[in-house]
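Since every read-out is calculated from the coordinates, none of them should be taken as a lab result. Keep in mind that this is a model prediction, so the values were computed, not measured. All Cβ positions, even for glycine, are placed from backbone atoms using ideal geometry, and neighbour counts span all protein chains on display.
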Amino acid sequence: MNIAVGADHAGFGYKDRIAQLLREQGHDVLDFGTWDETPVDYPQYGFAVGEAVASGRAHRGIVVCGSSLGIAIAANKVPGIRCAPVTEPLSAELARRHNDANVLALSERLTGWEMAARLLDVFMETPFEGGRHAHRVGQLFEYGDEQRARTLAAVEAGKVTGARTPEADLRAGGR
Ligand code: RB5
């Protein structure tokens, strides 16, 4: 796979180690930096990795910052990106199985290296389940005028309606 990676000055150490691991596993890595401790702005790296994935130049992306949060928020601004900031393996697994996450966000300041490497493995190896999850993931990218009007009406009414998952999407079992 082609994997895009990016990090700010608080995440480049893990980013470099991750890039090396991925190359050892046979992936092609597109590394957007940064490469040293000079302070930089994490949104730029989140945007770059997000666009690389959204455009199809990369199949997946890995972003790292101090907390994982800022760079994940940035990546999620790019249409088509589902970036999951995770700190433990079950979240990494569910981000793939249920949310079809295409970018993983890791924290270099809060997550130990062994855990970060494990989260990377889980993210790379877990498939998307599809079915009812595909129905829901699809809605994430339908936030146009029509959906916004529906949402504003729900806010006005104080209640969300019409969110029932169709039977066809539930047939595989699960909730
Ligand atoms: C940099 O100090 C830090 O704010 C950044 O890496 C990240 O944690 C932001 O969300």
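Considering the chain as a Gaussian network with a 10 Å cut-off on Cα pairs, which listed residue, Ala134, Ala84, Ala101, attains the greatest mean-square fluctuation?
Its mean-square fluctuation being the largest, the pick is Ala134.
Work from the charge dipole of segment 11-137 (Cβ charges, +1 for Lys and Arg, -1 for Asp and Glu, about the Cα centre) and give the residue of His133, Ala84, Gly26 farthest towards its positive end.
His133
If you line up the long axis of helix 42-54 against the longest principal axis of the chain, both from Cα atoms, how many degrees apart are they, to the nearest 10?
Between helix and principal axis, roughly 70 degrees.
Less than 16 Å from a label point 7 Å out along the Cα-to-Cβ axis of Gln139: which backbone N atoms in segment 80-108 qualify, by residue?
The answer is 98-100, whose backbone nitrogens lie closer than 16 Å to the label point.
Taking the chain as the reference, fit the longest principal axis to its C-alpha atoms, fit the long axis of helix 113-125 to the helix C-alpha atoms, and give the angle between the two in degrees, 0 to 90, nearest 10.
Roughly 50 degrees, rounded to the nearest 10.
Separation between the Ser55 and Ala172 pseudo-spin-labels, each 7 Å from Cα along Cα→Cβ, expressed in nm?
The two pseudo-label positions are separated by 3.1 nm.
If you fit an axis through the alpha-carbon atoms of helix 145-157 and take the longest principal axis of the Cα set of the chain, what angle between them do you get, 0 to 90°, nearest 10?
70 degrees
Which values of log₁₀ I(q)/I(0), to two decimal places, follow from the Debye formula for the chain at q = 0.16 Å⁻¹ with a uniform point scatterer at every Cα?
-0.92
Return the ratio Rg/(2.2 N^0.38 Å) for segment 69-122, where Rg is computed over Cα atoms only.
Taking N as the residue count of segment 69-122, the ratio is 1.07.
Going highest first, how would you order 58-68, 30-40 by mean Cβ packing within 10 Å?
Working: 58-68: 25.4, 30-40: 14.6.
Result, highest mean first: 58-68, 30-40.
Using a 10 Å cut-off on Cβ atoms, rank the peptides 140-153, 103-116, 16-29 from the highest mean neighbour count down.
Going from most to least packed, we get 103-116, 16-29, 140-153.
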